[in-house]
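The values are calculated or read from the model by the stated rules, or taken from the named source; none is laboratory data. Owing to the predicted nature of the structure, the values given are computational and were not obtained by experimental measurement. In this analysis, Cβ positions are derived from the backbone assuming ideal geometry, glycine residues included, and neighbour counts consider all displayed protein chains.
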Amino acid sequence: MPSQQARELADSIEAINLELIQLVRGCSEEQWRTDCNDEGDNRTVAVISHHVGHGHANTMEWLETVLAGGEITVTADDLNAENAEHAATYHEVEREETIQLLVESGDRLCARVAELSEEQLARKAFHRGEGRELTVAAIAELGQRHVAGHLATIRSALDLPAWSTA
């Protein structure tokens, strides 16, 4: 049976993801191509926004891995390499492709999180990248913070006020 906590987590992810989607839809072409200096790597608003959509799939994979009894073997170095490859591959990504990815992957993640039971949310596994055990609930929260953190970076680069949800 889905838990209240699961619904709240899903709602939180959905709200911050929708805020990013609205920003992406509303920014000018110049803003879309603005460098953000996110994590010192000068990714653009476009690349970071697409990266967030891709990150929803990572969060889903980690949730499913823990729910199946596995551990999350990705390391910080793995994630850094994946992020660099993503930035190179999607340097010229189109806005509509990014919006579609954010909507579809965000919807899948929110739907999956919303259906989790208390028992499922409490399951734990070691996450090498974090260097500690995490519950499924904590992994869902990481997914939410991933969106929120990048949204804050984008807003700062565009001189926009802080987000209003999350």
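The residues in the stretch 31-52 that are within 9 Å of the chain's Cα centre (by Cα) and more than 16 Å from GLU92 (Cβ to Cβ) can be counted, and the count is 1.
Considering LEU23, LEU9, LEU18, the condition of being in contact with a Lys or Arg (Cβ under 9 Å, 6 or more places away or on another chain), surrounded by 13 or more Cβ atoms within 10 Å (Cβ to Cβ), modelled with pLDDT of 95 or more and of a type outside the set (Val, Ile, Thr) is satisfied by LEU23 alone. Of the residues in the stretch 41-54, at least one is of a type in the set (S, T, N, Q), outside any helix (DSSP H, G or I), at pLDDT below 95 and surrounded by fewer than 18 Cβ atoms within 10 Å (Cβ to Cβ). Looking only at residues that are modelled with pLDDT under 95 and part of a helix (DSSP H, G or I) in the stretch 30-40, which one is surrounded by the most Cβ atoms within 10 Å (Cβ to Cβ)? Checking each candidate, the answer is ASP38. Candidates VAL74, VAL113, VAL147, VAL103: the one that is among the hydrophobic types (A, V, I, L, M, F, W, C), outside any helix (DSSP H, G or I) and under 20 Å from GLY53 (Cα atoms) is VAL74. Only one entry in ALA122, ALA148, ALA84, ALA157 is hydrophobic (A, V, I, L, M, F, W, C) and farther than 30 Å from GLN31 by Cβ, namely ALA122. Inside the stretch 117-166, residues that are in contact with a strand residue (DSSP E or B) (Cβ under 9 Å, 6 or more places away or on another chain) and among the aliphatic types (A, V, I, L, M) make up a count of 9.
Yes/no matrix, rows are residues, columns are (1) free of Cβ contacts under 8 Å to residues at least 60 places away in the same chain; (2) under 15 Å from GLU130 (Cβ atoms); (3) among the polar types (S, T, N, Q):
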| position | (1), (2), (3) |
| --- | --- |
| GLY53 | yes, no, no |
| HIS56 | no, no, no |
| THR75 | yes, yes, yes |
| VAL93 | yes, no, no |
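Out of SER117, SER28, one residue alone is of a type in the set (S, T, N, Q), farther than 17 Å from ALA152 by Cβ and in contact with a helix residue (DSSP H, G or I) (Cβ under 9 Å, 6 or more places away or on another chain). It is SER117. Scanning the stretch 150-166 for residues that are in contact (Cβ under 8 Å) with a residue 24 or more places away in the chain, part of a loop (DSSP other than H, G, I, E, B) and not small (Gly, Ala, Ser) turns up LEU158, LEU160, TRP163, THR165. When the test is whether a residue is surrounded by fewer than 18 Cβ atoms within 10 Å (Cβ to Cβ), in contact with a Lys or Arg (Cβ under 8 Å, 6 or more places away or on another chain) and modelled with pLDDT of 95 or more, LEU63 does not pass it.
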